[in-house]
1. Say we look at the stretch 18-60 and pick out the residues that are crowded, with 17+ Cβ neighbours inside 10 Å and polar (S, T, N, Q); which of these is farthest from Arg134 (Cα to Cα)?
2. Could you give me the residue pairs with C-beta distances under 7 Å whose first residue belongs to the stretch 151-170 and is within 14 Å of Arg55 (Cα to Cα), whose second residue is modelled with pLDDT of 95 or more and in a helix (DSSP H, G or I) wherever it lies, and which are 6+ apart or on separate chains?
3. Does Arg101 satisfy the criteria of being farther than 19 Å from Ser56 by Cα and surrounded by 14 or more Cβ atoms within 10 Å (Cβ to Cβ)?
4. For the condition among the charged types (D, E, K, R) and either closer than 23 Å to Leu137 by Cβ or touching a Cys at 6+ places or on another chain (Cβ under 8 Å) (or both), what is the one hit in Arg29, Arg24?
5. Among the listed residues Thr63, Thr68, which satisfies the condition of being modelled with pLDDT of 95 or more, loosely packed, with under 14 Cβ neighbours inside 10 Å, out of contact with any Phe, Trp or Tyr (no Cβ under 6 Å at 6 or more places or on another chain) and among the polar types (S, T, N, Q)?
Amino acid sequence: RREPETTPGGGGGGSGGRTMGGERVPDRRPAVGLVGHAYNILDDGLNLSLRDKLRSLGVRLVTPEHYTPSQLDDGARAMLKKPLFWTLGRKLAGAASLMSRDPAIKGMIAVVSFGCGLDSMVIELAERLIRRARPDLPFMLLTLDEHTGEAGLRTRLEAFADLIIRRRAG
């Protein structure tokens, strides 16, 4: 059984947590924002069970699906000077914008499947704006393709999670 993913701290859905014995128990794991298309984030075959690996490393996940379409549009408008034509591009930009402004988010991972095209442009813009807004926020770009190996992915995720957990510890 999968552990439920929680809503972000400032995303309009509460502070996250689980219910045990009828009482709400706060989720104290550091939150990591996953930005990318749903097929890159949710397809365990494509992403080599990325979400399960991250959860096993002690982080909770926040994805673009945690936000409403209007929140994502507002986030994209706040991030970009000009409106973005592509719907999915707006969703990525909006999620990155909202996550970068949420103090509960302790790190962000952008997941893409191509190094060119729309994703590369939107993620590049998002990374630049995130680094200006929160220069201390750990950010990692994962490009998934036919050369992505399980061991290399695991090593990168472990290092990223260790960084976030150690920063949080002090």
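The values are calculated or read from the model by the stated rules, or taken from the named source; none is laboratory data. In this text the structure is predicted, and so the values were computed from the model without any measurement. Counting neighbours? That spans all protein chains shown, and the Cβs are built from the backbone with ideal geometry, glycine included.
1. The extreme case among them is Asn47.
2. Between residues of the stretch 151-170 that are within 14 Å of Arg55 (Cα to Cα) and residues that are modelled with pLDDT of 95 or more and in a helix (DSSP H, G or I), the close pairs are Arg154/Lys53; Leu157/Lys53; Leu157/Leu54; Ala161/Leu54.
3. Yes.
4. Arg29
5. Thr68
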